[in-house]
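J.: First the structure, then my questions, so here it is.
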Amino acid sequence: MEIKNLPDNPYLLLTPGPLSTTKTVKAAMLRDWCTWDDDYKTIVQEVRDKLVQLATNKTDRYTSVLMQGSGTFSVEATISTAVPENGKLLVLPNGAYGDRIVQIAKTLKIPVVENDSGELDPPDLEKLETTLKADRAITHVAVVHSETTTGMLNPIAEIGKIVKRHGKIFIVDAMSSFGGIPMDIEALDIDFIVSSANKCIQGVPGFGFIIADRKRLMTCKGRARSLSLDLYDQWNTMENDKGKWRYTSPTHVVRAFDQALKELDEEGGVAKRAERYRANHRTLVDGMRGLGFRTLLPDAFQGHFITSFYSPESEQYDFRTFYNKLKTRGFVIYPGKVSKASAFRIGNIGDVYPTDMERLVKTIAASMFWQG
């Protein structure tokens, strides 16, 4: 197979995932694998080890487990398995993905408290402290790191310190941030961190993963409220059968992810990738502000993974028309997800570079039909 003969994508996916991937990641899926074969299981084990190494230097303390499905499947598996029958969950939502954790807890009949700070503000740390003092029944606290509703990067270091001061279990949804910003989950006091193959590591959709404190995870046996999403049983099978999944695994996606991990290392690791993503974000914001667009969030709250912009204040502006004009010119962006403002979003992650952002800004300048 010649990599150069693979077709080019008709457009860049400027989204928070799925995102644009390299030809070599896509090419890795052109071979079939047997889920029981030792060659494939060896790849699974290598992937698991590499994920822990990306998350912390304290690799003996932590372990990882892969879970079929989208990232939400892995979040639900974590909530379902980590919170015991007599447990209670405190969620710090400030967007749709924090709200989804609340919805998961309610669906699972897990007692849940919401400290909702609104879509345009970070979690209220004083309220967190007060809530944990007042409600001793709370056992677990969950927050989204990069809230892709707006692009806000929540202060997980500060949150983790408060959570641990009160002796609670800390769960972090790092769906669109893990692999795209340096972090040490041991230093951040994280017990369970969740992400997905098709985000900053630049794989393709098909599975999520959880990196967990090994001792915490080992206490979760028999807790799960779901058979297929039993995080402990999935981990236990992978541990004892050296990379075997309980049920049919997404073999092609795992192989693509293994290639994506190699390419992350070749780029220089997470720090170098974060540097590129920050350059993408800064190039985009500077260019868009030069065209008169306003960012939804102040710079102090803004992450470098996805950026929200207010829609133009013009009766002639229509997002669908704007979207289609950009798509025909080689770029796909995201609609807004904020309930109280008209906005659109542009992702800065994936196989995307500052030169792509410069081309995008020029394309947007030529697509501003509402200016006449």
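J.: Name the residues in segment 310-340 that are without any contact (Cβ under 8 Å) to a residue 60 or more places away in the chain and of a type in the set (Gly, Ala, Ser), would you?
T.: Ser311, Ser314, Gly336
J.: Across segment 95-131, which residue is surrounded by the most Cβ atoms within 10 Å (Cβ to Cβ) among those that are among the basic types (Lys, Arg) and outside any loop (DSSP other than H, G, I, E, B)? Talk me through it step by step, then tell me what you get.
T.: Taking segment 95-131 first, the residues among the basic types (Lys, Arg) are 100, 106, 109, 127.
Right, trim to outside any loop (DSSP other than H, G, I, E, B) and you get 100, 106, 127.
Values: Arg100: 17, Lys106: 12, Lys127: 13.
Checking each candidate, the answer is Arg100.
J.: Scan segment 294-307 and report the pairs whose first residue is not assigned by TED's automatic domain parsing to the domain that holds Phe344 and whose second residue is aromatic (Phe, Trp, Tyr), with Cβ atoms within less than 8 Å and a gap of 6+ or a chain change.
T.: Partner pairs satisfying both residue conditions: none exist.
J.: Filtering segment 200-216 down to residues that are among the aliphatic types (A, V, I, L, M) and over 19 Å from Ile101 (Cα atoms), which residue is surrounded by the fewest Cβ atoms within 10 Å (Cβ to Cβ)?
T.: As a first pass, look at segment 200-216 and keep what is among the aliphatic types (A, V, I, L, M): 201, 204, 210-212.
From what is left, the residues that are over 19 Å from Ile101 (Cα atoms) are 201, 204.
Details: Ile201: 26, Val204: 22.
Ranking the qualifying residues of segment 200-216, first place goes to Val204.
J.: Here is a further query. Please give the helices (runs of 4 or more DSSP H) falling wholly within segment 206-313 in which 2 or more residues are of a type in the set (S, T, N, Q). Before you say what the answer is, go through the steps one by one.
T.: Details: elements: 214-218, 231-240, 251-267, 270-290.
The helices (runs of 4 or more DSSP H) meeting that bar are 231-240, 251-267, 270-290.
J.: Restricting attention to segment 21-32, which residues are buried (at least 16 other Cβ atoms within 10 Å of the Cβ) and either touching a strand residue (DSSP E or B) at 6+ places or on another chain (Cβ under 8 Å) or outside any helix (DSSP H, G or I) (or both)?
T.: Those that are buried (at least 16 other Cβ atoms within 10 Å of the Cβ) and either touching a strand residue (DSSP E or B) at 6+ places or on another chain (Cβ under 8 Å) or outside any helix (DSSP H, G or I) (or both): Thr21, Thr22.
J.: For segment 59-94, enumerate the residues that are surrounded by fewer than 20 Cβ atoms within 10 Å (Cβ to Cβ), in contact with a Pro (Cβ under 7 Å, 6 or more places away or on another chain) and closer than 25 Å to Thr148 by Cα. Show your work before the answer.
T.: Restricting attention to segment 59-94, the residues satisfying the condition of being surrounded by fewer than 20 Cβ atoms within 10 Å (Cβ to Cβ) are 59-61, 69-70, 72-73, 84-88.
Pick out the ones that are also in contact with a Pro (Cβ under 7 Å, 6 or more places away or on another chain) and you get 70, 88.
Once the filter is applied, which keeps residues that are surrounded by fewer than 20 Cβ atoms within 10 Å (Cβ to Cβ), in contact with a Pro (Cβ under 7 Å, 6 or more places away or on another chain) and closer than 25 Å to Thr148 by Cα, segment 59-94 yields only Ser70.
J.: Please specify each residue of segment 279-293 satisfying the condition of being small (Gly, Ala, Ser) and either free of Cβ contacts under 8 Å to residues at least 12 places away in the same chain or loosely packed, with under 13 Cβ neighbours inside 10 Å (or both).
T.: Narrowing segment 279-293 to residues small (Gly, Ala, Ser): 279, 287, 290, 292.
Matches in segment 279-293: Gly290, Gly292.
J.: Looking at Arg276, Arg255, can you tell me which residue is in the same structural domain as Val75 (by TED's automatic domain parsing) and in contact (Cβ under 8 Å) with a residue 40 or more places away in the chain? Let's see the steps before the verdict.
T.: Working: Arg276 fails: in the same structural domain as Val75 (by TED's automatic domain parsing).
Of Arg276, Arg255, the one residue that is in the same structural domain as Val75 (by TED's automatic domain parsing) and in contact (Cβ under 8 Å) with a residue 40 or more places away in the chain is Arg255.
J.: Name the residue, out of Ile104, Ile156, Ile162, that is out of contact with any Lys or Arg (no Cβ under 7 Å at 6 or more places or on another chain) and under 19 Å from Thr56 (Cβ atoms). Give the derivation first.
T.: On the way: Ile104 fails: under 19 Å from Thr56 (Cβ atoms); Ile162 fails: under 19 Å from Thr56 (Cβ atoms).
Unique residue meeting the criteria: Ile156.
J.: Tell me, please, whether a residue that is assigned to a loop (DSSP other than H, G, I, E, B) and farther than 25 Å from Leu120 by Cβ can be found in segment 332-347. Step through it out loud before you land on a result.
T.: To start, the set of residues in segment 332-347 that are assigned to a loop (DSSP other than H, G, I, E, B) comprises 333, 336-342.
Going one step further and asking which of them are farther than 25 Å from Leu120 by Cβ, we end up with none.
No: segment 332-347 contains no residue that is assigned to a loop (DSSP other than H, G, I, E, B) and farther than 25 Å from Leu120 by Cβ.
J.: Another question, if that's okay. Would you mind finding the one in Lys88, Lys50 that is more than 20 Å from the chain's Cα centre (by Cα) and in contact (Cβ under 8 Å) with a residue 12 or more places away in the chain?
T.: Details: Lys50 fails: more than 20 Å from the chain's Cα centre (by Cα).
Of the residues listed, the single one that is more than 20 Å from the chain's Cα centre (by Cα) and in contact (Cβ under 8 Å) with a residue 12 or more places away in the chain is Lys88.
J.: Here's a follow-up. Can you name every residue in segment 38-58 that is loosely packed, with under 15 Cβ neighbours inside 10 Å and either not assigned by TED's automatic domain parsing to the domain that holds Asp191 or not in a helix (DSSP H, G or I) (or both)?
T.: Matches in segment 38-58: Asn57, Lys58.
J.: Give me a count of the residues in segment 217-227 that are of a type in the set (D, E, K, R) and either over 15 Å from Val83 (Cα atoms) or loosely packed, with under 14 Cβ neighbours inside 10 Å (or both). Break it down into steps so the answer makes sense when it comes.
T.: Taking segment 217-227 first, the residues of a type in the set (D, E, K, R) are 221, 223, 225.
Within this subset, residues satisfying the condition of being either over 15 Å from Val83 (Cα atoms) or loosely packed, with under 14 Cβ neighbours inside 10 Å (or both) are 221.
Counting residues in segment 217-227 that are of a type in the set (D, E, K, R) and either over 15 Å from Val83 (Cα atoms) or loosely packed, with under 14 Cβ neighbours inside 10 Å (or both) gives 1.
J.: Checking Leu264 against (1) surrounded by fewer than 17 Cβ atoms within 10 Å (Cβ to Cβ); (2) among the aliphatic types (A, V, I, L, M); (3) farther than 24 Å from Lys362 by Cα; (4) touching a residue at least 24 places away in the same chain (Cβ under 8 Å), only one condition comes out false. Which one?
T.: (1)
The values are calculated or read from the model by the stated rules, or taken from the named source; none is laboratory data. Only a predicted model underlies this, so the values are computations on that prediction, with no experimental measurement involved. When we count neighbours, we look across all protein chains shown, and the Cβ atoms used for this are built from the backbone with ideal geometry, even at glycine.
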